[in-house]
Amino acid sequence: MAALTKRTASFQDLHKGHVSEPEARYSGTGHTTPNDGVETSEKRNMLLTSLMSQYLSREPQAIQRQIVNHVEYTLARTRYNFDAFGAYQATSLSVRDRLLESWNDTQQFFTERDVKRVYYLSLEFLMGRYLQNALVNMGVRSNFEEALLGLGYKLEDLLEQERDPGLGNGGLGRLAACFMDSLATLNYPGWGYGIRYKYGMFYQKISAEGYQIEVPDYWLTHGNPWEVERLDVTYPVRFFGHIEWSDKGILWTGGEVVRAIAYDSPIPGYDTYNTLNLRLWSAAPATEFDLDSFSRGDYFGAIANKEASEKISSVLYPNDSTDAGKELRLKQQYFFVSATLQDAVRRFLKKDRPLTELHTKVAIQLNDTHPTIAIVELMRIMMDERGYGWTASWETVQKVFSYTNHTVLPEALEKWQVPLMEKLLPRHMQIIYEINRRFLEVIAKKYPGDGQKLQRMSIIEDGYPKMVRMANLAVVGTHCVNGVAAIHSGLVRQNLFPDFVEEGYQIVNVTNGVTPRRWLQQANPALSEVISRWLETDDWVGNYEYCKGLEQYVDNADLQREFADAKMVNKKTLAALVKATFGEEINCDALFDIQIKRIHEYKRQLLNILGVIARYNKLKRMSHAEREQQVERVHFFGGKAAASYVQAKNIIRLITGVQHVINADADTNKYLKCFFMPNYNVTLAETLIPANDVSEHISTAGLEASGTSNMKFVMNGGIIIGTMDGANIEIREQVGDDQIFIFGLHTPEIEDARNALKYGQYKVHDARLDEAINQIKSGMFCSQETAGPIVRALEPYNDFYLVARDFSSYMEAQDRVDAAYKDSSSWIKRCILAVARMGFFSSDRTIHDYAEKIWGIEATPFVPGSISFKDPSAKA
Ligand SMILES: *Cc1c(COP(=O)(O)O)cnc(C)c1O
């Protein structure tokens with residue numbers, strides 16, 4: 001592991017006076033992007049220098065004044081009467097003002113140092129709420145708290161006013177968000193690029209009958225104080241059209257042009273002055289539209305056409321694996337890729353140098369295959385727009401890009417129909433054919449007569465219609481492919497791309513991580529305080545490895561008690577949420593067992609709920625005295641099902657049905673309850689995760705690439721019950737066998753087990769399972785319409801996810817959990833050791849790995865006083 005970087009500048013330093021030196025300040029003219037070099041006259045420069053040499057004060061009184069000013073002048077409301085939401089907005093704007101200072105400085109600094117940057121391209125950024133994160137990262141939380149108290153507001157209440165921007169489905173989008181936090185914290189020069197969806201992930205309601213209902217999430221209703229709209233940063237993006245060949249070269253013209261507008265959100269690092277940028281693109285009508293082409297008299301028709309362009313960035317596809325075939329989805333991908341590359345190339349070319357050197361200043365990470373068309377787009381830009389030859393362009397492209405694979409599920413590998421690609425992006429389709437032709441030519445020479453190999457490796461899949469395999473394109477067009485956990489990277493090498501590995505294509509592993517800022521320090525202040533008290537520092541927040549220091553106190557009764565107390569605080573918070581949501585009381589001494597993640601058959605929420613039913617049946621048969629011997633439990637579920645994923649919705653309906661039956665049973669509900677928490681998102685996760693005793697990560701082995709919520713739960717002092725899958729395996733290596741409860745088949749056993757079930761060579765014998773299945777069949781929890789498909793999926797021939805097959809092993813593991821929980825002093829030791837040993841799963845470690853192994857970028861902490869003003873008379 002790389003040594004962690006020393007930070008040289010923090011907000012604290014800069015506000016202790018370094019920056020009252022005027023030369024520390026960057027003067028912007030306001031009509032260029034923050035990182036752009038600016039040319040101003042000397043006189044104007046001096047004026048700006050004197051005006052802007054003062055940074056905003058951190059004094060609570062000054063903050064108060066600024067908040068009130070925003071209420072009056074930005075929100076145009078009266079300062080004598082503003083509600084909590086107004087206070088939230090004004091507070092956020094005041095925080096943003098400060099971030100703009102550090103952000104402008106950082107970008108100017110990067111530009112002057114001419115550093116290599118990484119651009120993280122992701123169709124999803126699941127950022128969660130901003131305000132608390134920004135305050136804590138900047139180290140100004142208490143200043144704002146005090147300022148707000150003076151105005152009659154509790155910061156806590158204002159935090160609750162913020163909408164959670166759900167611009168992602170799940171793990172993939174949240175990973176991008178954790179990476180932004182770590183990039184900023186570690187002072188790496190990086191930007192995030194994505195789409196500013198008007199409608200994020202749908203809001204999930206549960207109907208009175210227990211079904212999922214999807215409600216559109218118009219998160220921008222009351223604006224977004226964290227973004228800066230940059231009407232000046234805008235690029236045209238073309239779709240459809242045709243290709244013209246001339247002696248000047250190849251020209252893609254006609255079709256439909258939309259405009260991408262940049263929306264920037266500053267990303268503050270923790271305990272550093274460095275501030276990065278998340279640039280999200282919004283689609284708008286192209287103003288440079290050829291007005292003559294509108295047929296006279298069809299004024300409204302012409303406008304309607306323009307309005308249609310806004311659809312491109314209007315809605316996030318709410319499916320976390322596949323949306324193949326949807327033209328709008330492909331449009332979204334090309335839209336944000338095209339705008340991003342125009343932006344990146346423009347920034348690079350501000351210094352006069354050839355694009356063939358792009359890789360020396362730019363690394364681009366493709367988060368899954370969603371942005372893979374970027375490989376082709378950069379080829380097009382270099383060849384058609386800049387006149388480079390094929391070889392020079394291709395070599396540059398390969399050096400610039402790298403690709404992260406997130407799944408080995410065959411149905412989730414992106415493919416696009418050739419006819420659709422031909423129609424929407426005709427020039428790109430030509431280039432893809434040429435990439436493929438050259439690639440296969442080499443392979444064919446090497447393996448004469450091996451047609452099957454060619455078919456497997458081809459970027460184009462034969463069939464009707466032909467398909468473009470985006471994963472193959474991503475492997476061929478990048479210098480590095482990575483998987484996201486050790487087992488996953490192995491499967492990518494062995495099962496997904498073995499032919500490519502044979503040809504020397506690099507597939508490395510970079511195990512995922514999560515940011516300890518949001519997921520421990522901010523989500524769990526009670527535990528964070530305990531950790532800081534025992535380590536006598538809060539340096540662990542910026543360097544999680546320091547938590548190792550807790551291990552020496554694991555037998556200390558005071559630490560154990562404080563750990564248990566912190567857990568109780570968090571369980572009470574969750575209990576209050578349950579009370580508010582369902583009106584039900586729960587016992588906080590009970591074991592809290594949590595499974596929250598997207599609802600998917602491979603994640604096996606079904607296995608969990610079958611276990612709950614079996615536990616209920618067992619309790620029902622017991623005497624009162626026997627029940628009193630049992631570990632009391634509350635099971636929490638949460639997660640969204642893709643709107644079109646019928647079986648996932650059936651599973652939600654089964655869970656809510658079980659919840660209804662067992663929570664109402666007066667015989668047993670002291671010992672067992674279960675809740676489906678509606679609308680799982682980052683904010684809900686921040687309440688649930690700190691309250692876990694046990695969390696379930698029980699995917700069919702080989703199918704969960706990594707998982708990241710498993711890491712969040714353990715960092716919060718919980719114990720995993722899980723399969724040998726994804727990052728569970730590495731978590732076990734780090735925390736030790738006693739700190740994790742493993743069950744179930746291992747990956748190498750899966751295929752044989754599936755076949756043995758299918759062909760009747762293996763029969764599942766478990767009376768508890770049979771009983772549960774019969775109850776489901778009988779309509780005890782849900783209608784036949786729901787029960788039928790669930791029961792069928794458990795039949796040997798259909799049990800692809802091996803739910804029935806792993807059931808006995810799962811129940812046995814839950815028994816081990818109960819036995820361990822009964823011994824409360826050894827349980828709390830397990831929790832302490834778990835927290836202490838999770839350093840490896842900080843996204844700081846992950847980002848260091850990417851920076852070193854893949855991107856070749858360097859930590860560049862802002863140096864106070866280092867930014868110079870541009871002298872307009874000097875030649876750049
Ligand atoms: C961490 C996180 C995920 C990923 O969860 P997994 O259990 O790893 O699939 C999904 N959604 C949200 C809101 C998260 O915070």
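Observations
- Selected residue (criterion: surrounded by the most Cβ atoms within 10 Å (Cβ to Cβ)) from residues of segment 635-669 that are touching a strand residue (DSSP E or B) at 6+ places or on another chain (Cβ under 6 Å) and more than 21 Å from Gln814 (Cβ to Cβ): Lys640
- Complete set of residues in segment 765-789 that are assigned to a loop (DSSP other than H, G, I, E, B) and either polar (S, T, N, Q) or in contact with a Phe, Trp or Tyr (Cβ under 7 Å, 6 or more places away or on another chain) (or both): Asp766, Ser783
- Being at pLDDT 95 or above and closer than 16 Å to Arg279 by Cβ is not true of Arg353.
- Taking first residues from segment 675-698 that are over 18 Å from Arg174 (Cβ atoms) and partners that are within 8 Å of the ligand (Cβ to nearest atom) and modelled with pLDDT of 95 or more, the Cβ contacts under 8 Å between residues at least 6 apart in sequence or on separate chains come to Ile698/Lys603.
- In segment 136-172, residue nearest to the ligand (Cβ to nearest atom) [restricted to those that are within 19 Å of Thr687 (Cα to Cα) and not in a loop (DSSP other than H, G, I, E, B)]: Gly171
- Any hit, segment 108-122, residues being crowded, with 23+ Cβ neighbours inside 10 Å, small (Gly, Ala, Ser), within 27 Å of Asn681 (Cβ to Cβ) and in contact (Cβ under 8 Å) with a residue 60 or more places away in the chain: yes
- Identity of the residue in segment 684-702, over 16 Å from Val578 (Cβ atoms) and in contact with a strand residue (DSSP E or B) (Cβ under 9 Å, 6 or more places away or on another chain), that ends up farthest from the ligand (Cβ to nearest atom): Val694
- Qualifying position, being free of Cβ contacts under 8 Å to residues at least 40 places away in the same chain and within 29 Å of the chain's Cα centre (by Cα), among Lys331, Lys415, Lys326: Lys326
- Residue match in segment 728-735 (condition: at pLDDT 95 or above and part of a loop (DSSP other than H, G, I, E, B)): no
- Taken over segment 234-270, the criterion of being over 24 Å from Phe335 (Cβ atoms) and surrounded by fewer than 22 Cβ atoms within 10 Å (Cβ to Cβ) is satisfied by Trp245, Ser246, Asp247, Lys248, Gly249.
- Among residues that are within 14 Å of the ligand (Cβ to nearest atom) and either crowded, with 24+ Cβ neighbours inside 10 Å or closer than 29 Å to Lys829 by Cβ (or both), Gly736 is not included.
- Taking the numbered list (1) outside any helix (DSSP H, G or I); (2) over 15 Å from Gly170 (Cβ atoms); (3) charged (D, E, K, R) in turn, Lys640 passes all entries but (2).
- Neighbours by Cβ (under 8 Å, 6+ apart or cross-chain): first from segment 713-741, in contact (Cβ under 8 Å) with a residue 12 or more places away in the chain and on the phi < 0 side of the Ramachandran plot; second among the acidic types (Asp, Glu) and away from the ligand (no atom under 12 Å from the Cβ): Gly718/Asp693; Ile719/Asp693; Ile721/Asp593; Thr723/Asp806
- Any hit, segment 670-683, residues being part of a helix (DSSP H, G or I), within 12 Å of the ligand (Cβ to nearest atom) and surrounded by fewer than 23 Cβ atoms within 10 Å (Cβ to Cβ): yes
- Against the numbered list (1) basic (Lys, Arg); (2) in a loop (DSSP other than H, G, I, E, B); (3) free of Cβ contacts under 8 Å to residues at least 40 places away in the same chain, Lys579 comes up short only at (2).
- Residue under evaluation Leu183, criteria (1) away from the ligand (no atom under 16 Å from the Cβ); (2) surrounded by fewer than 23 Cβ atoms within 10 Å (Cβ to Cβ), criterion not met: (2)
- Segment 703-729 - residue that is among the β-branched types (Val, Ile, Thr) and under 19 Å from the mean Cα position of the chain (by Cα) and, of those, farthest from the ligand (Cβ to nearest atom): Val714
- Members of segment 765-796 found to be surrounded by fewer than 18 Cβ atoms within 10 Å (Cβ to Cβ), among the aliphatic types (A, V, I, L, M) and in contact (Cβ under 8 Å) with a residue 12 or more places away in the chain, listed by number: Met780, Val791
- Segment 582-605, residues that are free of Cβ contacts under 8 Å to residues at least 60 places away in the same chain and either surrounded by 22 or more Cβ atoms within 10 Å (Cβ to Cβ) or within 16 Å of the ligand (Cβ to nearest atom) (or both): Ile599, Gln605
- Residue ranges of helices (runs of 4 or more DSSP H) in segment 468-529 with at least 1 members within 16 Å of the ligand (Cβ to nearest atom) and out of contact with any helix residue (DSSP H, G or I) (no Cβ under 7 Å at 6 or more places or on another chain): 486-491
- Across segment 202-226, the number of residues qualifying as of a type in the set (A, V, I, L, M) and at pLDDT below 95 comes to 1.
The values are calculated or read from the model by the stated rules, or taken from the named source; none is laboratory data. A quick note: this is a predicted structure, and the numbers were derived from the prediction, not measured. All Cβ positions, even for glycine, are placed from backbone atoms using ideal geometry, and neighbour counts span all protein chains on display.
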